[in-house]
Amino acid sequence: MEYLTRLAESIQIPQRIDREKLTPIVSIAAATTVLFASYKIISSSKHKKKMREQGFKEIPMPGSCYPYVGHMFSMGELPGKTVSEWHREFGPLIKIKMGCQYWLSCDSPYLAHKIFVTHGANTSFRPYSTYSYEYYSFKGKGIVFSQPNESFKMFRSAALSVLSPKMIEQNYMDSILKESSEFAKRLINTTEINGSVDPLKYLELLTLNVIFNAGFGRSFNTIDDPEFRTLAHMVETTMKLAALKNDLPSFLPALSIVDYFFGTEAKMKSFINNERNPTYRRLIRESFTKEGPNVIKSIGENGYVMDEDDMVVFMSDLIAAGTDTISVTMSWNYAILCRYPDLQKRVSAEIDAFIKTHGRIPNFSERQEIPLCVSVMKECMRYRPTSSFGVSHTTDKDIVVDGYFIPKNSTLIANMGSMHTNAERYENPYEFIPDRFLDNLKTMQASANGGIEQRDTYNFGFGRRICPGIFLAEVEIFFAFVQVFARCFIEPVLPGKYPNLEGGIDAGLTVLPLGYNIKFTRRPDALIA
Ligand code: HEM
């Protein structure tokens, strides 16, 4: 029992849970399950033997797996990094025990393609989580958290339709161009006033403006606008509540008692009923009266039938999936490029050459004319991926892939962090090589939906659940890049004091760079104001 108490004290408890209060509960939970755990150890060695006898390859389980909690608290501050280290030691497919759930993490792009694409009919399900199923999605509506049934197909098809290149070019390109130009000017002005700037808040304003404008015909002028702050907080809460640490009882059923005391589920219910739903219902109703195109109006115009609850989840999906992801991607991009002043000069020179010829910055359709910029954007996303694990999948039945037996209901993870440093796929994978993608300039959408050999990065997932927002994402990233480097250089606040590229903040779906301030210094030779 003393061992179990020590174990409970040593494990890393997620921030929101008080260690002192949790220790006895984990001890009790561990004590009551210790017999079950030893039975599992005996039966798991029998299971391994049986698998070997049947000719299946073994799926190794990394070291520090404790009874009951498994690896849950052995993953450190940055689970993506820890799991990547495990992959380096144990190979391309590993088994991680998360309380009562088994996760299979894959870091080989080729194996991931087989699992998620070739076997997509059985691996495109989403695992259950209390928040996403019971509260967020009104029990399975929408795209992100729903199962691949008829309703999902309708929602996904509607998303692909409203986010299609044609719709974005026709309806939203001008406003994205305008927003990104305002964004670059805000960064320069704030640097001139304050001496430096943390670009993340401004990226949030940019990405929220783009999606709120496209979604509901609504945008904001400053990060101090009270409505912007409320909406940004709402999106942030949506993501935080979806994080695993808020769903401990799904992993450790004995911890339902902790949830009861801390009222986590009550908080989820209150947030959805009192904040998210009323806000989105108001925005949806207002959008029907707004001039110009917006996603809410397009749904019906494109022949999709959704009631108001459907629209609330649909828009929550697009906003939650389509804001933070882009802000985080660009935040890494600026942090990385701050270290490479000579590369910035080459990038700016390429954009300037285009401006001299055409009298304006390039459009997205002209991206092939600035190949270095395109390659740098892709390399930044490879070098520091937006997300470590993307969104997990699960299986509806036992399957065999490449000699591995994958049991029904396993949680399947594509480990993007280590996939992007796969030496079979990328030469010198740990080096930042700006020219790496000069021979693969096609759009990220074309690349992600093409053959596995042709993919540039794996940031947008795999198969039937692959991100439907890739085109919009790349357009936003493109303009946030071009507008900035057409006007300024990025510099550290003090010479040599660069943003930290080694650490990171695990924000659930995304991994943020550690907070940093930099200077967006106006270029005296800029060809546009
Ligand atoms: C850099 C930006 C982005 C990244 C890195 C990204 C990445 C991802 C990933 C990894 C997934 C999970 C794929 C899978 O399950 O295999 C996903 C799903 C999704 N993304 Fe994105 N995304 C980005 C931007 C966007 C944008 C702009 C939108 C829309 C406005 C969007 C909407 C969605 C939706 C609705 C899903 C759920 C798809 C499904 O479950 O079928 N994403 N995204």
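The values are calculated or read from the model by the stated rules, or taken from the named source; none is laboratory data. From a predicted model like this one, the values you see are computed outputs, not experimental measurements. Here the Cβ positions follow ideal geometry from the backbone for every residue, glycine too, while neighbour counts run over all protein chains shown.
Points worth noting:
- Residues of region 475-494 that are part of a helix (DSSP H, G or I), more than 8 Å from the ligand (Cβ to nearest atom) and more than 19 Å from A349 (Cα to Cα): V475 alone.
- Odd one out for P293, checked against (1) touching an Asp or Glu at 6+ places or on another chain (Cβ under 9 Å); (2) within 11 Å of the ligand (Cβ to nearest atom): (2)
- Verdict on S387 being assigned to a loop (DSSP other than H, G, I, E, B) and more than 30 Å from G55 (Cα to Cα): yes
- Filter pass, V347 being farther than 30 Å from I505 by Cβ and at pLDDT 95 or above: no
- Of the residues making up region 59-74, just one is part of a strand (DSSP E or B) and touching a strand residue (DSSP E or B) at 6+ places or on another chain (Cβ under 6 Å), namely G70.
- Residue in region 420-443 that is on the phi < 0 side of the Ramachandran plot, within 12 Å of the ligand (Cβ to nearest atom) and in contact (Cβ under 8 Å) with a residue 40 or more places away in the chain present: no
- Yes/no for L318 being within 16 Å of the ligand (Cβ to nearest atom), in the same structural domain as V511 (by TED's automatic domain parsing) and not small (G, A, S): yes
- In region 450-474, the residues that are in the same structural domain as S387 (by TED's automatic domain parsing) reach residues that are of a type in the set (F, W, Y) with C-beta atoms within less than 7 angstrom, at least six apart or across chains, in these pairs: I452/Y110; D456/F437; F462/F116; G463/F116; I466/F460; C467/F460; I470/F460.
- Near pairs, Cβ below 6 angstrom, 6+ apart or cross-chain, from region 208-232 (within 13 Å of N171 (Cα to Cα)) to any residue that is surrounded by fewer than 20 Cβ atoms within 10 Å (Cβ to Cβ) and of a type in the set (D, E, K, R): G217/K290
- Some residue of region 503-512 being of a type in the set (D, E, K, R) and within 16 Å of the ligand (Cβ to nearest atom): yes
- Taken over region 380-395, the criterion of being within 6 Å of the ligand (Cβ to nearest atom) and either surrounded by fewer than 22 Cβ atoms within 10 Å (Cβ to Cβ) or modelled with pLDDT under 95 (or both) is satisfied by S387, G390, V391.
- Screening Y172 with (1) over 18 Å from I466 (Cβ atoms); (2) more than 11 Å from the ligand (Cβ to nearest atom) gives one miss only, at (2).
- Residues that are charged (D, E, K, R) and more than 21 Å from the chain's Cα centre (by Cα) do occur in region 400-422.
- Any chance P371 is farther than 29 Å from A232 by Cβ and not basic (K, R): yes
- Residue check, S137 among the small types (G, A, S) and either over 14 Å from S316 (Cβ atoms) or surrounded by fewer than 22 Cβ atoms within 10 Å (Cβ to Cβ) (or both): no
- Options I28, I17: the member that is at pLDDT below 50 and in a helix (DSSP H, G or I): I28
- In region 452-468, the condition of being on the phi < 0 side of the Ramachandran plot, within 11 Å of the ligand (Cβ to nearest atom) and not in a loop (DSSP other than H, G, I, E, B) is met by at least one residue.
- Residue in region 297-309 that is of a type outside the set (A, V, I, L, M, F, W, C) and within 14 Å of the ligand (Cβ to nearest atom) present: yes
- Each residue in region 495-529 was checked for being within 20 Å of the chain's Cα centre (by Cα), in a strand (DSSP E or B) and crowded, with 17+ Cβ neighbours inside 10 Å, and 4 of them qualify.
- Residue within region 152-163 that is in a loop (DSSP other than H, G, I, E, B) and crowded, with 19+ Cβ neighbours inside 10 Å present: yes
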